[in-house]
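Report on the structure given below.
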Amino acid sequence: MGATVANEPKSEISNYVKLNIGGSLFYTTVTTLSKLDSKLRDMVLSEVAQNAETLESEGWVFIDRCGKHFGTILNFLRDGSVPLPETCVEISEILAETKFYGITELHEACEQALQKKRNRNTNITWVTLITSQNEAQKLISVSSKPVVKFAINRHNNKYSYTGASDDNLLKNIELFDKLAEKHRERGLFIKDVIGSNEICCWTFYGPGGAVKKVAEVCCTSIVYATDKKHTKVDFPETRILEETMNVMLLDTRINKSVQEHELIEATSSLNGNCRCSCLSQWSDLQWENSTSSTLEHN
């Protein structure tokens, strides 16, 4: 993170300047201070011009400001760029100093850095962690949004796992995090890491306090290898995405056509697929559902 400014060639000025910024001492040149049109340059050059004889003997130009970030400002003037701090507090402090000194380029860079941090903070996804079934039931019963509950308990297993189980378990966790981020405004996402007996299971609930399950996708099974039992963890991604879309469509807070559009947009980048691919998948899914309903009716 930093800021840049074009350095224009200036005529070399040999006299040095000693600055006392609120008790912090800095050494620089008039050349450095003159690289940008700023209030700082005008303040110092005015002081140098008016008190040349005094400066020769005593050598200090005093400015009644905090010197904490003045080194950053000088480095920006010297190099044309400077790395900004990571915290919003420190960037805001530099912003205030650049406003006082009239250094527009660094001021704008600080504002952009702060805006990026604000945008990053607004994209935080909150996932509710629960430790008992009672907690889950209470949250589901009061939720006005559709609910996706993901139960994971890798240690609840009396058999050894198959070779791909750990990778599939990780894929389930990653998919849950992606869905929670994409649908954070549409649904309540609950992660059960302790209270469940299930090793890996997805459960879907409707909105409006409906505790009744809409669907469930269990990702574990027992398989036999020679004469021993093993626990196998699967990653039924298509089924999970289908059930997530179906439960999100139960959200009655907004218009159904808007729901479908938002769901298509939200799922379009889950696996790097393009939007047209998602539209095709969505149409295929609707066709399959309608065909299934016709067959059942017949």
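Taking the stretch 1-42 as the range and being modelled with pLDDT of 70 or more, closer than 16 Å to Leu106 by Cβ and among the aliphatic types (A, V, I, L, M) as the test, the residues that pass are Ile21, Leu33, Leu36, Leu40. Take Phe189 and decide whether it is touching a Phe, Trp or Tyr at 6+ places or on another chain (Cβ under 6 Å) and open to solvent by less than 50 Å² (accessible area, probe 1.4 Å). So Phe189 does not fit the description; no.
Among the conditions (1) farther than 30 Å from Asp227 by Cβ; (2) modelled with pLDDT of 85 or more; (3) not polar (S, T, N, Q), the only one that Ala136 does not satisfy is (2). Considering the stretch 245-259, the residues that are open to solvent by less than 40 Å² (accessible area, probe 1.4 Å) and either over 22 Å from Ile152 (Cβ atoms) or out of contact with any Phe, Trp or Tyr (no Cβ under 7 Å at 6 or more places or on another chain) (or both) include one that is modelled with the highest pLDDT, namely Met245.
Among the residues of the stretch 25-42, those identified as outside any strand (DSSP E or B) and open to solvent by less than 60 Å² (accessible area, probe 1.4 Å) are Val30, Thr31, Thr32, Leu33, Ser34, Leu36, Ser38, Leu40, Arg41. The residue that is nearest to Gly206 (Cα to Cα), counting only those in the stretch 143-171 that are of a type in the set (D, E, K, R) and modelled with pLDDT of 85 or more, is Lys145.
Checking the structure you have, find out if any residue of the stretch 78-89 is closer than 20 Å to Asn20 by Cβ, among the charged types (D, E, K, R), part of a helix (DSSP H, G or I) and modelled with pLDDT under 85. No, every residue in the stretch 78-89 fails to be closer than 20 Å to Asn20 by Cβ, among the charged types (D, E, K, R), part of a helix (DSSP H, G or I) and modelled with pLDDT under 85.
The values are calculated or read from the model by the stated rules, or taken from the named source; none is laboratory data. This one's a predicted model, so the numbers in the text were calculated from it and none came from an experiment. Don't worry about glycine lacking a Cβ; one is built from the backbone with ideal geometry, like all the others, and counts go over all protein chains shown. Heavy atoms of the whole protein, side chains included, go into the accessibility calculation; ligands, DNA and RNA do not. Shrake-Rupley method; radii C 1.70, N 1.55, O 1.52, S 1.80 Å.
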